[in-house]
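Novice: The structure is given below, and queries will be raised subsequently.
Values quoted throughout were computed directly from the atomic coordinates according to the rules given, and no laboratory measurement underlies them. All of these numbers come straight from a predicted model, not from anything done at the bench. Heads up, the Cβs are rebuilt from the backbone with ideal geometry, glycines too, and the neighbour counts pull from every protein chain shown.
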Amino acid sequence: MKPGFPNHHLRIIHQHVDDDGVRWYRIFDTSLRERYSDYKWRQADELESKSGLEKRPNPGDVEAILRRAAACRYILYSLLARTDCESLQRWIHTGKENDRWSPQFWGGIGGLGLAILLW
């Protein structure tokens with residue numbers, strides 16, 4: 001997870017070290033800036049310096065996680081359709097439809113509603 005407002009969720013899919021000794025991660029990313037989900041290569045040192053591990057998968061779940069990530073390529077980013085980075089990554093991690101929602105988004109909506117009520 002890359003901290004920010006909102007936090008950005010992505011998934012490391014593969015690791016690679018090139019001939020110059022530079023470490024790379026192939027990530028699965030869903031970003032508003034790119035508008036859709038897909039694989040990208042990022043330098044490991046740069047990613048690690050700005051991100052943190054949220055949850056490591058169980059080893060027995062890795063193959064299913066990789067299949068779900070591959071099935072989510074080119075999905076347009078949408079908070080309302082629950083295809084934002086956090087919602088998709090939660091679903092990719094567990095495969096459970098009930099996990100496909102963004103606590104950040106709904107917490108923000110709830111906070112806004114509460115602020116309006118108290119105003």
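Novice: Please work out if Thr94 is surrounded by 14 or more Cβ atoms within 10 Å (Cβ to Cβ) and either out of contact with any helix residue (DSSP H, G or I) (no Cβ under 8 Å at 6 or more places or on another chain) or among the charged types (D, E, K, R) (or both).
Specialist: Considered against the rule, which asks whether it is surrounded by 14 or more Cβ atoms within 10 Å (Cβ to Cβ) and either out of contact with any helix residue (DSSP H, G or I) (no Cβ under 8 Å at 6 or more places or on another chain) or among the charged types (D, E, K, R) (or both), Thr94 comes out as yes.
Novice: Something else now. If you scan the range 40-74, which residues turn out to be out of contact with any Asp or Glu (no Cβ under 6 Å at 6 or more places or on another chain), surrounded by fewer than 16 Cβ atoms within 10 Å (Cβ to Cβ) and closer than 15 Å to His9 by Cβ?
Specialist: Hits for the range 40-74 are Lys50, Gly52, Leu53, Glu54, Lys55, Arg56, Pro57.
Novice: Just to be sure I understand the filter: pairs with C-beta atoms under 9 Å, separated by 6 or more residues or on different chains, first member in the range 18-43 and touching a residue at least 12 places away in the same chain (Cβ under 8 Å), second member exposed (fewer than 11 other Cβ atoms within 10 Å of the Cβ) and among the hydroxyl-bearing types (Ser, Thr, Tyr). Which pairs pass?
Specialist: From residues that are touching a residue at least 12 places away in the same chain (Cβ under 8 Å), the pairs are Tyr36/Tyr74; Ser37/Tyr74; Asp38/Tyr74.
Novice: Now, a different point. If you go through the range 51-71 one residue at a time, how many are closer than 17 Å to Glu86 by Cβ and part of a helix (DSSP H, G or I)?
Specialist: Here the count works out to 3.
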